[in-house]
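Read through the structure below, which is laid out as structure tokens, and then see the notes.
Rule-based calculations on the coordinates, nothing more; no lab input. The structure displayed is predicted, hence computed values, not measured ones. Positions of Cβ are generated from backbone atoms using ideal geometry, with glycine treated the same way; all protein chains shown enter the neighbour counts.
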Amino acid sequence: MTTPGTTRIDDLPIRDELRGQSPYGAPQLDVPVRLNTNENPYPLPEPLVRRIAERVAEAARTLNRYPDRDAVELRTELAKYLTRTAGHEVTAANVWAANGSNEVLQQLLQAFGGPGRTAMGFEPSYSMHALISRGTGTGWVSGPRAADFTIDVAAARAAIAEVRPHVVFVTSPNNPTGTAVSAETVLALYEAAQAARPSLVVVDEAYGEFSHHPSLLPLIEGRPNLVVSRTMSKAFGAAGLRLGYLAADPAVVDAVQLVRLPYHLSAVTQATALAALEHTDTLLQYVEQLKAERDRLVAELRAAGCEVVDSDANFVQFGRFGSSHDAWRALLDKGVLVRDNGIPGWLRVTAGTPEENDAFLDAVRALMKENK
Ligand code: PMP
């Protein structure tokens, strides 16, 4: 029998760059109010649950066969959704889907990064960009962000010119800060990235639906090295489904097909995502409620004396605390789980239901009083 704990990862003949690393791990604690992983707090509505059951039953009848390898029906429906909501006409040829946008990003790095190549992002940002880079053997360079967490265009352009990365990540709205990036900034970074190499610019719009600003999707027109990545995990309230997608020039879609595993999207996943897309309008009503709750959190946190970063996402970064860990712990002791992303002085809270947000705000107000 192999006894747990006797062999450590580093005892294995593992790749050198994975030695000493930790896996991605937001704590999954059993707490009354969980506002730490940017999930949508609303369960899927019952009519959609029934529709999923119907479509999955249909798919089950042919589970002896492999699924549609190219997920054409799903990509067609995703393209219709983007055309309707993101201000730019796209077709299935522009769209690719995978198991969560993390897998989309991994496929992009497998095709455009890899050993001897480098990716860059402007940190603090989504930590998985660096981790997926490492996992695909791609070098990672952390680019600069201004003190207010916006991207300083001149500094970012200078970093791109110096590093000449093969892949550039721009997260808008950014996680964990909630900061949206303007189209002008993305264009300036794209130009710098093309002049430097040219390289692939990936705009991660996982939280795009929550923004006060329109999607950056129209920027793909005439820019074959620009990719917009999206997910059904947040706005569609379907984090458990694992469905992410990208929109780009059809050549990018051809490129990721060189590295994707055959039949990577199960028939059950495709059927479930298609059912959810039939209920887009209902799901987008929840997004509107969450946007209003997010704006309320920003206003109430400021009224409670916190510093708050303007947010275009379904979460809010707030502070500043002498020790973010102590503040995180104090909120946890009051039954509210938020996220400590390791940015000194700051914490991040996901917009929940009005009741969850009230509980969170009460806990913060109590904490601010204790800290006075
Ligand atoms: N991009 C960003 C910026 C995210 O915050 C997340 C999830 N936390 C993802 C991508 C990945 O989401 P998923 O794989 O569920 O689509």
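Can you give the Rg to Rh ratio of the range 219-302, both from alpha-carbon atoms, with Rh computed by the Kirkwood formula?
On the way: Rg = 16.6 Å, Rh = 15.4 Å.
Reported Rg/Rh (Cα atoms, Kirkwood Rh): 1.08.
In whole angstrom, how far apart do the alpha carbon centroids of the range 146-188 and the range 1-64 sit?
30
Cα centroids of the range 66-126 and the range 273-342: how far apart, whole angstrom?
26
Normalising by the residue count of the range 171-259, find the relative contact order in percent from Cα pairs under 8 Å and 6+ residues apart.
Here the relative contact order equals 23 percent.
Helix-derived [θ] at 222 nm for the chain: sum -39500 (n - 2.57) over DSSP H runs of at least 4, divide by residue count, nearest 500? If you can, show how the numbers build up before the last one.
Working: 11 runs with 147 residues, N = 372.
Helix-only estimate at 222 nm: -12500 deg cm²/dmol.
Treat each spin label as a single point 7 Å out from the Cα along the C-beta direction, and report the residue 83 to residue 251 distance in nm.
So the two model labels end up 2.4 nm from each other.
With labels modelled as points extended 7 Å from the Cα through the Cβ direction, what inter-label distance (nm, one decimal) is found for residue 158 paired with residue 30?
5.3
Which one of 101, 38, 88 has its Cα pushed farthest toward the positive end of the charge dipole of the range 28-105, where Lys and Arg give +1 and Asp and Glu give -1 at the Cβ?
After comparing all options, I get 88.
How many nm is it between the label spots at residue 127 and residue 333, if each spot is 7 Å from the Cα in line with the beta carbon?
About 2.4 nm, to one decimal.
What does the net charge come to around residue 346 if you take all other residues with beta carbon closer than 14 Å to its beta carbon, with K and R at +1 and D and E at -1?
After counting each charged neighbour, the total is -2.
Got a sec to turn the phi values of the range 344-361 into Karplus ³J(HN,Hα) couplings, 6.51 cos²θ - 1.76 cosθ + 1.60 with θ = phi - 60°, whole Hz, x for Gly and Pro?
After applying 6.51 cos²θ - 1.76 cosθ + 1.60, I find x, x, 10, 10, 10, 10, 8, 5, x, 6, x, 5, 4, 5, 4, 4, 4, 5 Hz.
What Kirkwood Rh does the range 46-278 have if only Cα atoms enter the pairwise 1/r average? Answer in Å. Could the numbers behind the result be given before it?
Details: mean 1/r = 0.0557 Å⁻¹.
Computed over Cα pairs of the range 46-278, the Kirkwood hydrodynamic radius comes out at 18.0 Å.
With charges only on Cβ, +1 for K and R and -1 for D and E, what is the dipole size of the chain about its Cα centre, in debye, rounded to 20?
Charge dipole, the chain, about its Cα centre: 600 debye, nearest 20.
Counting only Cα, what are the radius of gyration and maximum Cα-Cα distance Dmax of the range 97-169, in Å?
Using the Cα atoms of the range 97-169, the pair Rg, Dmax is 12.4, 36 Å.
Using a cut-off of 29 Å between alpha-carbon atoms, which lysines can reach residue 334, once sequence neighbours fewer than 8 places away in the same chain are excluded?
234, 291, 369, 372
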